[in-house]
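Asks: One structure is given below, represented as structure tokens, and several questions about it will come after.
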Amino acid sequence: MTYHFRAYFGLVMMCLLSACASRPSTSALSVIVDDYIQVYGERTDFVRFIDFYATDAKFEDMVYGHTASNRKAIANFFDWTANKVIVLDNKAVLVVTDKLIDVHSKHVILSGYFNRFRYQGNELGPWRFLIKLQFGSDGKILYQQDWINYTPKSQFMTGVNLNHP
């Protein structure tokens, strides 16, 4: 009886250790997310930024009321070359203060703020944000949902109501 218990216990321990060793790691996804944050914050390489998105990615800006249903539409929304955003104070435009990565569901939550910037002659920011990302198995963003505290509110409250189920 003792031999069977030891053999069973050994087998259970091997399975547990094996399961722990084969658990998905956050490191691969974390590297992609850190790269995304850096590229977004520097705001200099638009081609590289858009490459983070899957071809059929979906985007929703919940406060502004904008949606995009593929990479091309997302590129048109962000279009850094046409938007002429000038970051002030020599700081990154995007600063992430907290990130949560769920490796099993491939969901990422980023929170932080956009530093002050000038857009179309107006000084805007700082703006706090919460960004939800879902990644595919290939490491590309499948879905992005933005919650940005746009101010002044009067300039940004003309979008579509995205509160439908």
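Asks: Just one of Asp138, Asp102 is open to solvent by 40 Å² or more (accessible area, probe 1.4 Å), more than 21 Å from Val39 (Cβ to Cβ) and under 16 Å from the mean Cα position of the chain (by Cα); which is it? Let's see the steps before the verdict.
Replies: Numbers: Asp138 fails: more than 21 Å from Val39 (Cβ to Cβ).
Being open to solvent by 40 Å² or more (accessible area, probe 1.4 Å), more than 21 Å from Val39 (Cβ to Cβ) and under 16 Å from the mean Cα position of the chain (by Cα) holds for just one of Asp138, Asp102, which is Asp102.
Asks: Quick one: would you say Val96 is assigned to a loop (DSSP other than H, G, I, E, B), surrounded by 16 or more Cβ atoms within 10 Å (Cβ to Cβ), in contact with a strand residue (DSSP E or B) (Cβ under 8 Å, 6 or more places away or on another chain) and modelled with pLDDT of 85 or more? Quick ask: steps written out before the conclusion?
Replies: Details: assigned to a loop (DSSP other than H, G, I, E, B): no; surrounded by 16 or more Cβ atoms within 10 Å (Cβ to Cβ): yes; in contact with a strand residue (DSSP E or B) (Cβ under 8 Å, 6 or more places away or on another chain): yes; modelled with pLDDT of 85 or more: yes.
In short, no.
Asks: Quick one: in region 58-93, which of the residues that are assigned to a strand (DSSP E or B) and open to solvent by less than 60 Å² (accessible area, probe 1.4 Å) is nearest to Lys140 (Cα to Cα)? Before the answer, list the steps.
Replies: So the first thing to find is which residues in region 58-93 are assigned to a strand (DSSP E or B), and the list is 58-61, 66-68, 85-87.
Okay, now just the ones that are also open to solvent by less than 60 Å² (accessible area, probe 1.4 Å), so 59-61, 66, 68, 85, 87.
Details: Phe59: 13, Glu60: 16, Asp61: 19, His66: 21, Ala68: 16, Val85: 25, Val87: 27 Å.
So the residue we want is Phe59.
Asks: Kindly establish whether Lys84 is of a type in the set (Lys, Arg) and either modelled with pLDDT of 95 or more or in contact with a helix residue (DSSP H, G or I) (Cβ under 9 Å, 6 or more places away or on another chain) (or both).
Replies: Taking the combined requirement at face value, the residue does not satisfy it.
Asks: Please specify each residue of region 107-126 satisfying the condition of being surrounded by fewer than 18 Cβ atoms within 10 Å (Cβ to Cβ) and either at negative phi or at pLDDT 95 or above (or both).
Replies: Of everything in region 107-126, those that are surrounded by fewer than 18 Cβ atoms within 10 Å (Cβ to Cβ) and either at negative phi or at pLDDT 95 or above (or both) turn out to be His107, Ile109, Ser111, Tyr113, Arg116, Arg118, Tyr119, Asn122, Glu123, Pro126.
Asks: Mind checking which residues of region 47-57 are surrounded by fewer than 16 Cβ atoms within 10 Å (Cβ to Cβ) and not hydrophobic (A, V, I, L, M, F, W, C)?
Replies: Matches in region 47-57: Arg48, Asp51, Thr55, Asp56.
The values are calculated or read from the model by the stated rules, or taken from the named source; none is laboratory data. The structure displayed is predicted, hence computed values, not measured ones. All Cβ positions, glycine included, derive from the backbone under ideal geometry; neighbour counts span all protein chains shown. Accessible surface is based on the protein model in full, side chains and every heavy atom, while ligands, DNA and RNA are left aside. Shrake-Rupley method; radii C 1.70, N 1.55, O 1.52, S 1.80 Å.
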